[in-house]
1. If each Cα of the chain is one equal point scatterer, what is log10 of I(q)/I(0) from the Debye formula at q = 0.07, 0.10, 0.17, 0.18 Å⁻¹?
2. Tell me the GluC sites (Glu not before Pro) within segment 1-95 that lie in a loop according to DSSP and have at most 13 other beta-carbon atoms within 10 Å.
3. With a cut-off of at most 13 other beta carbons within 10 Å, and DSSP calling the residue loop, which trypsin sites (Lys or Arg not before Pro) in segment 164-201 qualify? Please list them.
4. To the nearest 0.05, how large is the calculated FRET efficiency for Ser5 and His112 if R₀ is 25 Å and r is the Cβ-Cβ distance?
5. Taking a cut-off of 19 Å between Cα atoms, list the lysines near Lys63, but don't count ones fewer than 8 places away on the same chain.
6. How much net charge surrounds Ala35 when only the other residues with a Cβ under 12 Å from the Cβ of Ala35 are counted, with Lys and Arg +1 and Asp and Glu -1?
7. Could you work out the local net charge near Lys10, counting Lys and Arg as +1, Asp and Glu as -1, over the other residues with Cβ closer than 12 Å to its Cβ?
8. So how exposed is Met174, as accessible area in Å² (1.4 Å probe, rounded to 10)?
Amino acid sequence: MREISEFLKKIDSFGYVNYYRGHADISWDLLPSLARTKVSSIDVWKCSNWSDLESEILRAFEKHGCSIIDTPPKSSLEWMIHAQHHGLPTRLLDWSSNPLKALFFAVENPEHDHLDGVVFGASVVTNFVMDKYVEIDQHDKIIGFHSSSLNKRVTAQEGCFTVSPLPDKWGDFMKVEVDNISLDYLGRCDIPKENKPALRKQLKKLGVTHQFLFPDLDGLATSIKRDFGL
């Protein structure tokens, strides 16, 4: 699959799908960053389960972030979205409603050009059109929601999210898959490693770049580094 037109044809075969996510490594699981945290590295004197850890992370982020964020979030979920986009581990998993932007994340980093990538397309059973309607602790399955324009990155990436329920104690998180009644459908489009550079060039011609998806100085700097092969 060397052409974006081929990719879009494959995506069309998924039918009604409104969540897309790209992985640079085909072996990565569909798990949120909090689920990928090593329990052995956690200070168990402060946290005795996943719920404690999440609360402590978000409490610290809110405490020190209030003076930095121009418009402070109005809910714990909004704080969680900001934390996710600034690299803190959360139980949110980033998706996009735009398949080309998901493809970008599958091919954008040349350091992963030795690995096959994949783009997933999902239809979530419980889907909220706006985050303000979501009560994240009222569900025992993975749910999805589309976010309001909390920050420029979410808007540029046409961001949406799935949120996983917290397991008991330090149990395993639920994976995003059809078998756990969270999804109606989960499709995949494998991206051969040898085709990543060609797809990356085509996306650039379409304006799907770091500079566009990360509309800040970090995104601009990464785009320049990619342009110069750095």
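The values are calculated or read from the model by the stated rules, or taken from the named source; none is laboratory data. Given the structure is predicted, the values throughout are model-derived calculations rather than measurements. Cβ placement follows ideal geometry from the backbone for every residue including glycine, while neighbour counts extend to all protein chains displayed. In case anyone asks, the SASA skips ligands and DNA or RNA and just uses the protein heavy atoms, side chains included. Shrake-Rupley method; radii C 1.70, N 1.55, O 1.52, S 1.80 Å.
1. Log10 of I(q)/I(0), two decimals: -0.23, -0.48, -1.34, -1.45.
2. Glu3
3. Passing both the DSSP loop test and the Cβ count: Lys169.
4. E(calc), rounded to 0.05, equals 0.60.
5. Lys46, Lys74
6. On the way: positive: Arg36, Lys38, Arg91, Lys175; negative: Asp29, Glu54, Asp172.
Residues close to Ala35 contribute a combined charge of +1.
7. Numbers: positive: Lys9, Arg188; negative: Glu3, Glu6, Asp12, Asp190.
With Lys, Arg at +1 and Asp, Glu at -1, the neighbours total -2.
8. Accessible surface of Met174 is approximately 60 Å².
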